[in-house]
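Chemist: There's a structure below that I have some questions on.
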Amino acid sequence: MIPDEYLQSFVVECGELLEAMEEALLMVEQAAEDPEIINAIFRAAHTIKGSAGMFGLDPIVAFTHAAESVLDQVRSGDMAMTSALAALFIEAHDHLVILVCHIAEGSQPTDETDNQGKGLIAQLEAYLGGAAVAEASVDMPAVHQATVEREGGDAVGTDHWHISLRFGTEVFRNGMDPFSFVRCLTTLGSIVELVTLIDAIPPAQEMDPETCYLGFEISFSSDADKVAIDSVFNFVRSDCLIRILPPRSKVSEYQRLIQDLPEQEMRLGEILLKCGTLTPEELEQVLDFQAAQGENQQRPIGEVLVEQHMVSPPVVEAALEKQKQVKENKKTEANLIRVDAEKLDELINLVGELIIAGAGTNMIARRANMADLTESTATLSRLVEEVRDSALALRMVQIGGTFNRFTRVVRDVSKELGKDIDLVISGGDTELDKTVVEKIGDPLTHLVRNSMDHGIENAELRLARGKPAKGTLRLNAYHDAGSIVIEVSDDGGGLNKEKILGKAIERGLVSEGANLSDKEIYNLIFEAGFSTADTVSNLSGRGVGMDVVRRNIQALRGSIDLDSIEGQGSTIRIRLPLTLAIIDGFMVGVGNDVYVIPLDMVVECIELDAWAGDESDGQYLNLRGEVLPYRRLRDHFDKEGDRVQRENVVVVRYGEHKAGLVVDKLMGEFQTVIKPLGKLFRSEKSIGGFTILGSGEVALIVDVPGLMGQIEHEREAGELVSFPRSGAV
């Protein structure tokens, strides 16, 4: 039985490793082979195997071992990472995701999953078997020497094998004796030098007698081939890290070995000693030589090693790079901590209550008219605001992680459709609330798949239209007026207005002869059950999806619209709030009620002149030459009572639209804790929630996008003028 907290940590770690593995595999498939990317894939597979071995998850260990063995051949240069092999590893990655999901759910893999795993292992072993046969049939030292000579690289001058071993912590508990494997090596040759690594051993009071902390660096003389030496460790392979370098290996292979050493801070001499480049005697000789040269005593040991021809400069550079990398990694790891998302949510809730309590204190201070108390509460309010910003920053994440997941979606869907499509991502460093990121994934997936299926044409049609054969899909994000805007655009055929309008008339969504703008026609595709597809495919055509996308976006207090140019492409634009918890608000009064408008959407406040506009043809005013529609909140919310003599207009902007909200009085800025409305108010689109004032009273939060949408809907019925774009006259 695995404790839940350990199992949860394992699942989370595997999820991160699998995500990194998938990203690296897609890079390998799309670009030239890169050793660093191959190493990243290998490290992810090896870490998953090691962690699974610690928990006794044999199916994951067995499957990952097959993949790791093939990756090891690729890393050593004995096998090329072809597109077919990369595709196979992507399938292996997907299978690992399924296995980890079963672990997370506490269920057993199905027969179908088992059969799929066996099939993938057989395909991996086919690659591995070919490499193994090749290794067994030739003299490996001669092959490596020939490779070095052919490639013109430097070789480390030793006739011995180098074996690097790191035993897992569970070796003793699994009934294994690490040194027995070392003794078994003597049946194939002789151990020239053995260095026992004890860096992982903790202080005596913290030591667990059942935990293995040992590792070995071995210089081994043998005429056996690599397969025979490697087979010695078959029974412990799932719980240890093994690296075997043939005699006279390339410098690059020693560089790779240094990079794979456990992350521990060490001096250069210790690194070279542990990686087998130097024997203890040789290191002692170098230190004696350095001490004997008084004028050279301060010279770096690397220079001395090169001067004495004991190591080549590239090996020294690799060791120094490793030392630098270790220090940087340790510093980075020390600055990171994993926090449960629920704890962050609880913190945000407490900060919200603190803001409400602080507002009440400020009100009491103003009533008391005490200068010292007012100054103290002002300082408290400033600190509370800083705490609020810091707490919200903890939940802000970059949207790039969400965007990067679509690399795989584009790859799979483009192959299914038989189209060549390139994904271009920009604005990945744009940050928004973690809750919003989690909920935007599904709508984005549908929009991306829809653009690939309906938007981008096949290669023949694109060439006929004078376009490149490869289509382009773009994901972009940026901040605008206190919101985040996410764009999904393509260079496909665009939308056919006549076809959309004809379908809408056929379904009764629009009356025949209706005069609709281009944007209104395009937005018809968001109606429930609407589809212009001639055939139903696995991806689309059933008229289900776009209406759900809009509903999900609106549930996040966001909006979605679409622009298209027939023959050139389409752009779907999603606008979302940065956070769903706490905002800066602007309080206004209407009669005896208080409303809060999101401060980021407020452009300016002006006094409404009785002669500024003519209400006979609708409500609008001339704002410095700009036609500005406006709406009285008193009329919108049907408030009783007479108008005040001096009304004010709060000019708000959302996206490309501006409008005016007429209120009785302006009450200033207010830190607003957004609390959701009940089910009774779901149909009210112009209210986005409520907040509690310092006095304990409730103030409604105006949903500016929803209010504009309502008024726009009324305009379509002929009641009001439309909202012009910002700057229109």
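Values quoted throughout were computed directly from the atomic coordinates according to the rules given, and no laboratory measurement underlies them. Computed from a predicted structure; not experimentally measured. Counting neighbours? That spans all protein chains shown, and the Cβs are built from the backbone with ideal geometry, glycine included.
Chemist: For region 351-365 and region 395-424, compute the distance between their C-alpha centroids and round to whole Å.
Modeler: So the separation of the two Cα centres works out to 45 Å.
Chemist: For region 582-716, would you read off the P(r) tail past 17 Å as a percentage of all alpha carbon pairs?
Modeler: Percent of Cα pairs beyond 17 Å in region 582-716: 58.
Chemist: Describe numerically, in nm with one decimal, the distance between label points set 7 Å from Cα along Cα→Cβ at MET370 and at TYR478.
Modeler: Between MET370 and TYR478, the label points sit 5.2 nm apart.
Chemist: Using amide H atoms built in the peptide plane, which far-off residues or other-chain residues are under 5 Å from ALA224 H to H?
Modeler: When sequence neighbours closer than 5 places are left aside, there are no close amide H contacts.
Chemist: Note the direction-averaged projected area, equal to a quarter of the hull surface, for the Cα convex hull of region 341-395, in nm².
Modeler: About 3.4 nm², averaged over all directions.
Chemist: To continue, here is another question. Where the centre of each part is set by its Cα atoms, how far does region 558-598 sit from region 165-191, in angstrom?
Modeler: First find each Cα centre; the distance between them is then 64 Å.
Chemist: Roughly how compact is region 631-703, stated as its Cα Rg over 2.2 N^0.38 Å to two decimals?
Modeler: Working it through for region 631-703, the quotient is 1.21.
Chemist: Now for a separate question. First measure r as the distance between the Cβ atoms of LEU7 and ASN552, then evaluate 1/(1 + (r/R0)^6) with R0 = 30 Å and state the FRET efficiency to the nearest 0.05.
Modeler: Efficiency at R0 = 30 Å is approximately 0.45.
Chemist: How large is the direction-averaged shadow of the alpha-carbon convex hull of region 398-577, in nm²?
Modeler: That works out to 10.4 nm².
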